[in-house]
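The values are calculated or read from the model by the stated rules, or taken from the named source; none is laboratory data. What you are looking at is a predicted structure, and each value in this text was computed from that prediction instead of being measured. Cβ atoms come from the backbone with ideal geometry, glycine included; neighbour counts cover every protein chain shown. Please note that ligands, DNA and RNA were not included when accessible areas were found on the heavy atoms of the full protein model with its side chains. Shrake-Rupley method; radii C 1.70, N 1.55, O 1.52, S 1.80 Å.
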Amino acid sequence: MTEIHRRTFLAGVGATAAAMTLSPARVIAAAAEELPRINIPAPITTAERLQRLAKARALMGRHGIGAIIVEAGPSLDYFTGVQWWRSERLTAAVIPAHGEPIIVTPFFERPSVAESLSIPAEIRTWNEDEEPLKLVAGFLRERGVAGQPVGLEETDRYFILDRLKQQLPAVRVVSGNPVVRGCRMIKTPPELALMQAANEIMLASLRYAGTRTREGMTPADIDAMIAAAHKHLGSSYDGGLILIGESSAYPHGSHKPQIVKRGEIVLMDCTSSVHGYQADITRTFVFGADPTPDQRKLWNQVHRGQQIAIQAAKPGVPAGSVDDAVRRVYESWGFGPGYRLPGLPHRTGHGIGMEVHEPVYLVHGETTPLAPGMCFSDEPGLYIPGKFGVRLEDCWYMTQSGPKFFTQPPPSIEQPFGPGA
């Protein structure tokens, strides 16, 4: 038996029953007793955001863009610190190529929006019977850029474009990607430090829950332990993906009831957030028994796939070439071809930062060259419909000399959470 399996059985039936009947408060208390603290860096500073705005202005000048419009969401937080949600009421920043930006928001939301604003910016408000895009158009005229291309952040909603054109019929709206992506894709040392903490907390939480998984538990039972670990360690957690048995063969799971059984696959794919910066880690293990030859083989193939991906990731190569490298080897093993099943039906990895999934993606055909500061997941899972699947996922960032993992992939199926776990 493996170490994790020995620990599982030594816990006994009493521990199993207790684990599945603990109240949320007791689960959190247990985590507090057993988990060490992980250092959390300070949030992004005003000085850092001012550097971002300076870079955005330089990129606007390079691409001939007069201003960009960024509505509520990660990019608004990225540039201004304003943490707000999207609704039918517009809250957005208008960032010009020269001078300070403005924040447009409903009149009654002004005090709340101002609480998280961390850069010099005028807040211009509109009432319920007024058109917020009139404020945007007026600001563009004031700054003398109404006749220049205006960039929209790629997730901005259509009504912004539509109603801006009603105010400025001649406005030329272009993609804001050269500016927003140009800034957000390249992480700075303070961003990397926050992501490092998020990844360490995520792995510690998976290890905590995985080594305490018991027969008869449901995905919700396991997820509760992960959530308790997050709460104790100081990160945000929105719920994870826990797949048991055949459900692991489907990358995003199944609605069928699942419980932990001896000898079955348990797949845990979860995210963590520290001051707005994300981690995304997946671990797969066999509960309560030695792996079957098929389980071990697939696990080892995915483990090899992770190494192929990280070895293919070099500064300057197209992002899609990483996916291609993994897929070539998988096809030589009889999977696929391409994105067919049994095999790897999804991309090898995704960009990550303030969003769990963000550009650029490790997918066939992506030509963006890898550059220092870019961050990605490495998750070349393999899935056999009707049977089971394996996914191992760790995040990494590019340096001048090559890629570096935030967390190390597990060494073997016997040690799914690393040495000693």
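The calculated FRET efficiency for the pair residue 166 and residue 98, based on their C-beta separation and a Förster distance of 35 Å, comes to about 0.85. The residues packed around residue 262, meaning those with a beta-carbon under 12 Å from its beta-carbon, carry a net charge of -1 if Lys and Arg are +1 and Asp and Glu are -1. Modelled this way, with points 7 Å down the Cα-to-C-beta line, the labels at residue 50 and residue 261 are 6.2 nm from one another.
Taking every DSSP helix (H) stretch of at least 4 residues in the chain, weighting each as -39,500 (n - 2.57) and dividing the sum by the residue count yields a mean residue ellipticity at 222 nm of -12000 deg cm²/dmol. Could you pull out which residues in the range 115-153 have an amide N less than 14 Å from a spot 7 Å beyond the Cα of residue 108, following the Cα-Cβ vector? Within reach of a label on residue 108: 126-130. Each peptide in 283-294, 104-115 gets a packing score, the mean of other Cβ atoms within 10 Å over its residues, and the list from highest to lowest is 283-294, 104-115. Is the range 267-421 best put as rounded, prolate or oblate by its Cα gyration tensor, with a ≥ b ≥ c the root eigenvalues, rounded for a/c under 1.5, and otherwise prolate when a/b is larger than b/c, oblate when not? Oblate. Legend: calculated FRET efficiency, residue 32 to residue 116, from the Cβ-Cβ distance at R0 = 41 Å, rounded to 0.05, equals 0.90. Prolate is the label for the chain, because a/c, from the alpha-carbon gyration tensor with a ≥ b ≥ c as root eigenvalues, is 1.5 or above and a/b exceeds b/c.
Inter-label distance, residue 131 to residue 220: 4.9 nm, where each label sits 7 Å from its Cα along the C-beta direction. Taking all protein chains as they are arranged and a probe of 1.4 Å, the heavy atoms of residue 215 leave approximately 100 Å² accessible to solvent.
Summing +1 for each Lys or Arg and -1 for each Asp or Glu among the other residues whose beta-carbon sits under 12 angstrom from that of residue 234 gives +1. Each peptide in 170-178, 255-263 gets a packing score, the mean of other Cβ atoms within 10 Å over its residues, and the list from highest to lowest is 170-178, 255-263. The relative contact order of the chain, computed from alpha carbon pairs under 8 Å that lie at least 6 residues apart in sequence, is 15 percent. With 0.36 nm allotted per residue and the present C-alpha distance subtracted, the residue 341-residue 154 stretch has 64.1 nm of extension available.
Between residue 307 and residue 387, the simple spin-label model (points 7 angstrom out along Cα→Cβ) gives 2.2 nm.
Per-residue packing, averaged as other Cβ atoms within 10 Å, sorts the ranges 119-128, 395-404 into the order 395-404, 119-128, beginning with the highest. For the chain, the number of Lys pairs with C-alpha atoms closer than 15 Å, counting only pairs eight or more positions apart or on separate chains, is 7.
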